[in-house]
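Comments concern the structure below.
The values are calculated or read from the model by the stated rules, or taken from the named source; none is laboratory data. Computed from a predicted structure; not experimentally measured. Don't worry about glycine lacking a Cβ; one is built from the backbone with ideal geometry, like all the others, and counts go over all protein chains shown. Areas reflect the complete protein model, heavy atoms only, side chains present, ligands, DNA and RNA absent. Shrake-Rupley method; radii C 1.70, N 1.55, O 1.52, S 1.80 Å.
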Amino acid sequence: MRRTLDRLEPVAGRPLVVLEPSCAATLRTDLPELLPGDARARAVAASVRTFAQTLEELAPDWEPPRLDRPVAGQTHCHQHAVLGDAAERRLRERAGLAGDLSGGCCGLAGNFGFERGHYDVSVACAQDRLLPAVSAAPPAPRCWRTASPAARSWRSSRTGAPATSRSCWRRRCRPGRTVPAPETGNGCHSHGGVSLLT
């Protein structure tokens with residue numbers, strides 16, 4: 001963490017836009033707790049912003065393109081617990097995106113859902129709230145996401161199996177396309193995020 005602070009020193013005092021909610025939560029809460037005697041840690045924590053928060057603060061008159069369509073998705077667990085999602089909800093509203101964000105868990109928790117022996121637990125978590133909400137979405141939606149696992153869970157809801165590589169997201173998502181369940185972890189250590197499905 002001290003190396004992170006050293007790297008961030010040249011931009012001290014500026015908003016620090018962090019796109020990944022778990023990384024933003026780490027910098028906002030864990031960093032000052034781990035380095036309580038380092039004033040730089042408190043300064044960095046106070047400067048962390050999500051993309052939507054940054055837009056509201058630095059470009060309050062900017063209007064997103066109107067999409068006017070229903071969406072389904074979920075607020076990332078770190079965003080819900082630490083950062084809050086009020087700015088993201090306001091941005092969704094300004095873009096004309098209607099629909100609730102489901103609660104619950106996407107089932108991936110970083111790479112947990114990709115590791116051997118976790119598949120059933122991962123799917124059960126996602127099937128509690130997120131996957132039913134996504135399954136109720138219009139067929140063959142395009143995927144819009146800010147991070148990976150929740151989007152992969154959505155893929156799982158459409159195919160019955162988890163997506164195990166980013167290449168799945170380079171294609172248009174179609175019902176009926178399957179991806180085999182992983183036998184071992186694939187080395188992915190990305191984290192979830194607000195995933196909106198249009």
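Table: residues versus (1) without any contact (Cβ under 8 Å) to a residue 24 or more places away in the chain; (2) in contact with a helix residue (DSSP H, G or I) (Cβ under 8 Å, 6 or more places away or on another chain); (3) open to solvent by 60 Å² or more (accessible area, probe 1.4 Å).
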residue: Arg7; (1), (2), (3): yes, no, yes
residue: Leu16; (1), (2), (3): no, yes, no
residue: Glu20; (1), (2), (3): no, no, no
residue: Leu27; (1), (2), (3): yes, yes, no
residue: Val44; (1), (2), (3): no, yes, no
residue: Ala52; (1), (2), (3): no, yes, no
residue: Glu63; (1), (2), (3): no, yes, yes
Please go through (1) open to solvent by 10 Å² or more (accessible area, probe 1.4 Å); (2) over 16 Å from Leu19 (Cβ atoms); (3) touching a helix residue (DSSP H, G or I) at 6+ places or on another chain (Cβ under 7 Å) for Ala126 and return the number of the only condition it doesn't satisfy. (1)
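What number of residues in the range 60-103 are part of a loop (DSSP other than H, G, I, E, B) and more than 23 Å from Val18 (Cα to Cα)?
Of the range 60-103, the ones part of a loop (DSSP other than H, G, I, E, B) are 60-68, 71, 75-76, 84-85, 95-96, 99-100, 103.
In the following step, the residues that additionally are more than 23 Å from Val18 (Cα to Cα) were identified as 66-68, 71, 96, 99-100.
Result for the range 60-103: 7.
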Anything in the range 65-103 that is open to solvent by less than 40 Å² (accessible area, probe 1.4 Å) and either among the polar types (S, T, N, Q) or free of Cβ contacts under 8 Å to residues at least 24 places away in the same chain (or both)? List them, or say none. Gln74, Thr75, Gln79, Gly84, Ser102
